[in-house]
Amino acid sequence: MKRGIYLTMTKRQKILLSVCGGLLLIGLCIRLAMHDGPADSFDYTVDDGSITIDQYHGESALVRVPDKIEGLPVTKIGVYSFSGCDSLKELQLPDSITEIGDCAFQSSNLEEVNIPASLERVGYRIFGGSKAEKLYLDEEYAVLNGHILYLYNGTSESVTLPESITSISGGAFSKENAKSVKEIDILDCVTFIGEAAFRGCENLERIHLPEAAVMKGSYGFEDFAFLREVTLPRGTDIGPSMFQNCAGLQKVTVTGTPSSIGKRAFQGCTSLEEIQLPESVTEIGSGAFAESGIRRISVPQGVKAIPEDCFSMCGNLEEVTFSGGIQTIGDKAFWNCGQLSDLAVPESVETIGKYAFSGTGIRSALLPDTLKELGDGAFMRCEALTDIRLPDSLDTVPTDCFNGCTALREIVIPTGYRTIDTNGFYECTALQKVTLPDGLEVIGLNAFGSSDIDAVFLPDSLTEFDNQAFIRHDGGVRLIYTENCKAADQIKEAYQHWIVHSYYYLEVVENREAAEAENAN
């Protein structure tokens, strides 16, 4: 891809290009064209053997877009390229133009433009806010070149597009009148559907989309509360917010091979219980299924990350199948999925984000040794969780990690862990036994607060002991340690601090083995 500037000069203006002393000018081609009128210029992009006009900078009332620049055909008028041009009255386009981008002439004073026979695709409301759009507001179907639907101006509840239509522009149904439309039938001769083509059809209940059409995906059906079922064309990308807040959507059939699911694509689709994602999908956007009615889903093999908020607040989600090498589970990925009870964390996972599984119904958290990062609150309020395996690859139980896991009864902290952070196992009210490893250095505020632990051995390596680390409301926790414990003074201070409440009792033993033997008896 190469960018350049095209200059249209007056007859009296000249530009001399010279190469002196072997100096080479690379990457900028200036071509001169002569006509009467002020000097005009275009920014353009060279891509794949053709030219796209990116921006017009002149002040002419009449602008002629050349058919070639640098000897290459000018085929596209880019997005917003003439937007806001107050001086522009008339535009002449060459027969080489095949596409006009979104809002190309938006809010300009354009009154007249020729539509070349070569034009195939039109972006979102290219004439929006310009004087030229008034030319297209009389007929029920405002059509360019006899086959491109620019605007629907009708008021029918049921719309069947004419057979002559082969392309639908972006925003074709974006006017206020489109609210009346409940059904749309698009014949199979249509091969292209532009960005947000149906944006104004907020009461749409049914639509037939041609299987072979290419459909630009972003915001395609956002907030269509009454839409029930959609079969997406083969050429469709599932873009950001494509079906966001389609509360009545029950079935989506994907016939093509999209590579990604956009951000918030199905967020708020509370009636959507299941969707079959094709194996072509390798990326899923953040919040893609958040607050939806999804009950079960299989993640395609090529997907490496479950992004933040992907399934958050999916209260009906019961089953997730990972078929590939998932490496990352993002922040709040499954937050508050209360019905999700069985989920095997894949052996390939390296990162589990903050609150990733918080509020789920999972019963087992067997974390793999591939895990390199575990976020704060990752399993917070997992009230059915009874089985935990902490990986040897970590050295810290993060803040709030298992806070509120009220069914947990026993936990073994592996050798190599240095820190139990603030509220790590706070309000694990059924927790009766914890084994702390030699080498542990820090037990933070409320790390095991409000648990059911009666006694715990504190290893000699301990250097920081918060005086509320094991406090339970009925008191009586026996803190067992040796005289060699580095935090012995802090342990004694904790005892003295809470002596009135009898929260702690102290017991000094010779070594861990003696403590274990005593507790065994």
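The values are calculated or read from the model by the stated rules, or taken from the named source; none is laboratory data. All figures in this text were calculated on a predicted structure; none of them were measured in a lab. Please note: Cβ atoms are built from the backbone with ideal geometry, for glycine as well, and neighbour counts cover all protein chains shown.
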I'd like the full set of residues that are buried (at least 22 other Cβ atoms within 10 Å of the Cβ) and of a type in the set (A, V, I, L, M, F, W, C), limited to the stretch 276-296.
I284, A288, F289, A290, I294
Would a scan of the stretch 248-271 turn up a residue that is under 22 Å from V122 (Cα atoms) and among the hydrophobic types (A, V, I, L, M, F, W, C)?
no
I'd like the residue in the stretch 129-185 that is touching a Leu at 6+ places or on another chain (Cβ under 9 Å) and touching a residue at least 40 places away in the same chain (Cβ under 8 Å) and, out of all such residues, is farthest from M215 (Cα to Cα).
K182
For the subset of the stretch 206-215 comprising residues that are surrounded by 18 or more Cβ atoms within 10 Å (Cβ to Cβ) and in contact with a strand residue (DSSP E or B) (Cβ under 7 Å, 6 or more places away or on another chain), which member is nearest to Y124 (Cα to Cα)?
M215
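On the given criteria, is S286 within 14 Å of the chain's Cα centre (by Cα), hydroxyl-bearing (S, T, Y) and more than 18 Å from L232 (Cα to Cα)?
On the way: within 14 Å of the chain's Cα centre (by Cα): yes; hydroxyl-bearing (S, T, Y): yes; more than 18 Å from L232 (Cα to Cα): yes.
Taking the combined requirement at face value, the residue satisfies it.
Of the residues D438, D392, D474, D400, which is buried (at least 16 other Cβ atoms within 10 Å of the Cβ), of a type in the set (D, E, K, R) and not in a strand (DSSP E or B)? I'd like the intermediate steps shown before the answer.
On the way: D438 fails: buried (at least 16 other Cβ atoms within 10 Å of the Cβ); D392 fails: buried (at least 16 other Cβ atoms within 10 Å of the Cβ); D474 fails: buried (at least 16 other Cβ atoms within 10 Å of the Cβ).
Every option except D400 fails the conditions.
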Residues of the stretch 341-361 being within 13 Å of M380 (Cα to Cα) and either surrounded by fewer than 21 Cβ atoms within 10 Å (Cβ to Cβ) or in contact with a His (Cβ under 7 Å, 6 or more places away or on another chain) (or both), in sequence order, are G361
Only one of (1) part of a helix (DSSP H, G or I); (2) at pLDDT below 95; (3) farther than 24 Å from Y417 by Cα does not apply to A515, and that is (3)
Could you list, in sequence order, all residues of the stretch 99-142 that are at pLDDT below 90, among the charged types (D, E, K, R) and touching a Phe, Trp or Tyr at 6+ places or on another chain (Cβ under 8 Å)?
E133
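Keeping to the stretch 368-416, report how many residues are aromatic (F, W, Y) and under 17 Å from P437 (Cβ atoms).
First, the residues of the stretch 368-416 that are aromatic (F, W, Y): 379, 402.
Filter again for under 17 Å from P437 (Cβ atoms), leaving 402.
Result for the stretch 368-416: 1.
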